[in-house]
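Worksheet for the structure shown next.
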Amino acid sequence: MMNNIHKQVLKKIKEFNTIVIARHIGPDPDAITSEVALRNIIKLNFPDKKVYAIGSGVSKFKCFGILDKIPEGVNFNDALYIILDVPRFDRVDGPKKEDFKYTIKIDHHPCEEKVCDLEIVDDTAASCTQMITEFALETKLKMNKEIAETLYAGIIADSDRFLLSYTSPKTLYLSAMLMEKYKIELMPIYNKLYERPLKERKFESFLITNLKVTSNGFGYIKITNSLIKEFDVDSSTASNMINDLNFIKELKCWAFSSYDENSKIYKINIRSRNISINQVAEKFNGGGHKFASGARLKDEEMVDALFNALDEECAKYKDE
């Protein structure tokens, strides 16, 4: 029997002829693949609908699909707005929700506030793409090999190849369903996700070599724009490397900070093993998962304050 909440989402998709899909600012592979896959699923099943997956693009993620620009004259007042992979509306990379007739949220982060008319929130899911996969399979919407590979890429990326604790039997089951039903090819997906130029590997080596580690097991590094220029890497490169420190024995929690000159914001990526960090991040204009969070701060003093707070959490865990 179809899950009632999935039935409601499908009903709304059928009801609207114009659908806009957005996700969080500073997207990762899960956010991009979620919106691209959902757009393509809707267009495949309802070819007459106008469906737009929007947001600022990231060049290295173009391999997962091209995003849309909404044409002038589109009437949001009679459109459906679906936001993905984001717990709060202030982090959505898209128009205001008040512009739309109806809004839906599909998200796997802990619920911070109810922001949409209809919400599917499952913080036990390893990724938003896992939730889109479950929705599509349960509602028996048509998919194809390309869509299945896009979904699988998102699941792999956010679970870090099933290594992270958010991986569940459902994660593995849905991934197996995609593999079996659509005969997806694994190596091209892994190449898209993990192939890196040599300069990025050298940059990663620099980060690990220069990582500062406190006596409490908190590791951190501030990535300056001069470093980005020296290694000739993209400013978002570090955020894609944060999970690579997951198996360093001495680390209980670790964080990278980088400065975005365009938005004048310090971007913080935080990861941990066994230490809850999302509540700390929430105190610093951030949030996320229990062991994977982030924040966006306006000045370096706040970065230092966040790092101190994370070190204190490591100290508490050490004492316990």
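None of the figures in this text is laboratory data; all of them are computed from the coordinates on show. This is a predicted model, so every value here is computed, not measured. Virtual Cβ from ideal backbone geometry, glycine too; neighbours counted across all protein chains shown.
The table that follows gives values for the structure above.
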quantity	calculated
Hz values of 3J(HN,Hα) by residue in the range 301-316 - Karplus curve (6.51, -1.76, 1.60), Gly and Pro given as x	4, 5, 4, 4, 5, 5, 4, 5, 5, 5, 5, 5, 5, 5, 5, 4
Tensor-based shape of the range 198-319 (alpha-carbon gyration tensor, a/c under 1.5 rounded, otherwise prolate or oblate)	oblate
Stretch gain in nm, segment Thr124-Leu44, where the contour uses 0.36 nm per residue and the Cα spacing is subtracted	25.9 nm
Normalised contact order of the range 198-319, rounded percent, pairs of Cα under 8 Å and 6 or more residues apart	22
Between 0 and 90°, nearest 10: helix 198-210 axis offset from the chain longest Cα axis	50
Sparse-neighbourhood loop sites, chymotrypsin sites (Phe, Trp or Tyr not before Pro) in the range 221-318 - DSSP loop, at most 10 other Cβ within 10 angstrom	Phe247
The range 23-109 - percent relative contact order, Cα under 8 Å, separation 6 or more	33
Folded to 0 to 90 degrees: helix 145-159 orientation relative to the chain principal axis, Cα	30
Among Met302, Met241, Met131: highest mean-square fluctuation, GNM of the chain, C-alpha pairs under 10 Å	Met302
Hits among lysines - C-alpha to C-alpha of Lys199 under 23 Å, sequence gap 8 or more where chains match	Lys60, Lys62, Lys212, Lys222, Lys229, Lys267
Likely footprinting exposure, Cys111, Cys253, Cys314, fewest C-beta neighbours within 10 Å first	Cys111, Cys314, Cys253
Low-density loop cleavage sites - trypsin sites (Lys or Arg not before Pro) in the range 60-109, where at most 13 other Cβ are within 10 Å (DSSP)	Lys69, Lys96
Chain lengthening between Asp232 and Glu112 when straightened (0.36 nm per residue, less Cα-Cα)	39.5 nm
Contour minus Cα-Cα distance for Lys11 and Thr224 (0.36 nm per residue)	71.9 nm
C-alpha long axis of helix 29-45 to longest principal axis of the chain, angle in °	10
Note, ³J(HN,Hα) from phi for the range 160-170, Karplus 6.51, -1.76, 1.60, rounded to Hz, x at Gly and Pro	6, 6, 6, 8, 7, 5, 6, 5, 10, x, 5
Cα centroid of the range 132-189 to Cα centroid of the range 259-292, whole Å	27
The chain, relative contact order in percent, only Cα pairs under 8 angstrom and at least six apart counted	12
The range 209-317: GluC sites (Glu not before Pro) in DSSP coil with no more than 11 other Cβ atoms inside 10 Å	Glu250, Glu261
